[in-house]
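Accompanying notes for the structure given below.
Bear in mind these aren't lab numbers, they're just calculated from the coordinates by the rules spelled out. Owing to the predicted nature of the structure, the values given are computational and were not obtained by experimental measurement. So basically every Cβ, Gly included, is an ideal-geometry build from the backbone, and we count neighbours across all protein chains shown.
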Amino acid sequence: MTSNTAQQDAAVADKSILANSAYADERHLAARQSIYRWQQPQYDLPGIVVEELAGTSGIVLDIGCGNGKFVSRLHKDRPDLQVVGMDISAGILADVERPLLAADAQALPFADNSADAVLALHMLYHVSDIEAAIKELARVLRPGGVLIGSTNSDTDKRELDRLWMRAAGDVLGIAEGPARVSLSSRFSLEKAAGYLGAVFTDIRVRALPGTIEVTDPAPIVAHLASYEAWAEQCGVPFQETVSRAAEIAAATIEADGLFKITCLGGFLICRP
């Protein structure tokens, strides 16, 4: 549904936008994460990572760790592991448990064969050279180690894509406005195995389908507004479009009793 322009794709991987705006702190990321409170079934994503690391000991690198929810859970449930968080934005690391460092996934400051597991959770679509980043992840992984990646499907939250285009069209006075920026489309669940297969021979996909049903437009508004860092790439007045989307969502809820969003994300568990 969402068809990114080259400009949008470039902006999704723009280091300046990522470090200084999109993830300068955890505000936008937390807003995007919050809509999953209304998803059924509920998935304990950090718990799934803990489960997948059951046979792992030693050093775990969480590359692009964001606000640290996976780092925190691993410290709690697997204190035997040496967990290191890393993100391109120093700002978003402010409240994450240490040890930490700010660095670029395309040039990891770790030695060859230095990690027993590497996490790349909802972040590979943000690197400008996805192939190079995957090679870096593989370089630091010890023989027998595991890479756990995650992303969303190309079909994920299509209802929000349609809502955005309708709202954008209303703001612009046309039948259908431009598509919203899609973060995961560069490295979607459908594309991920192809990228990872260039380096990893054993790839297992763990799909996590679900449905979000809300009876208040607030979670939808928060989710859409969390893309503010890419407002210039939307081709439409951003705040006006968010406001119009809120009105449409409220009308849908009044008519149907709820607003339904279909979700599909997943993990990729990879071994050399």
message = Principal axis extents for the range 6-271, Cα atoms only, whole Å, descending order, please.
response = 56, 35, 35
task = Only Lys, Arg, Asp and Glu count, each charged at its Cβ (+1, +1, -1, -1), so figure out the dipole size of the range 6-271 about its Cα centre, rounded to 20 debye.
result = 420
query = Going down the table (76/135; 135/191; 69/157), which pairs top 19 Å between alpha carbons?
reply = 76/135; 69/157
task = Kindly identify the range 78-203 as rounded, prolate or oblate by the Cα gyration tensor criterion: order the square roots of the eigenvalues as a ≥ b ≥ c, call it rounded if a/c is under 1.5, otherwise compare a/b with b/c, prolate if a/b is larger, else oblate.
result = prolate
query = Out of residues 5 or more away from residue 114 or on other chains, whose amide H comes under 5 Å of its own, with H placed 1.01 Å from N in the peptide plane?
reply = 141, 142
Candidates 202, 44, 216, ranked by Gaussian network fluctuation over the chain, Cα under 10 Å, top entry = 44
query = What list do you get for 264, 61, 124 if you sort them by fewest beta carbons within 10 Å?
reply = 264, 61, 124
task = Take the alpha carbon gyration tensor of the range 181-272, find the square roots of its eigenvalues, order them as a ≥ b ≥ c, and report rounded if a/c is under 1.5; if not, report prolate when a/b exceeds b/c, else oblate.
result = oblate
key: Residue order, fewest to most beta carbons within 10 Å, for 21, 182   = 21, 182
remark   = Using the Kirkwood radius over Cα pairs of the range 154-198, the Stokes-Einstein translational diffusion coefficient at 10 °C and 1.306 mPa s, in µm²/s and rounded to a whole number, is 134
query = log10 I(q)/I(0), Debye, Cα-only the range 142-220, no solvent, q = 0.14, 0.16 Å⁻¹?
reply = -0.65, -0.77
key: Between the range 89-145 and the range 203-272, the alpha-carbon center distance in angstrom   = 27
ask   = Roughly how tilted is helix 158-172, in degrees to the nearest 10 and between 0 and 90, from the longest Cα axis of the chain?
value = 50
query = Which angle from 0 to 90°, rounded to the nearest 10, does the C-alpha axis of helix 238-256 make with the longest principal axis of the chain?
reply = 80
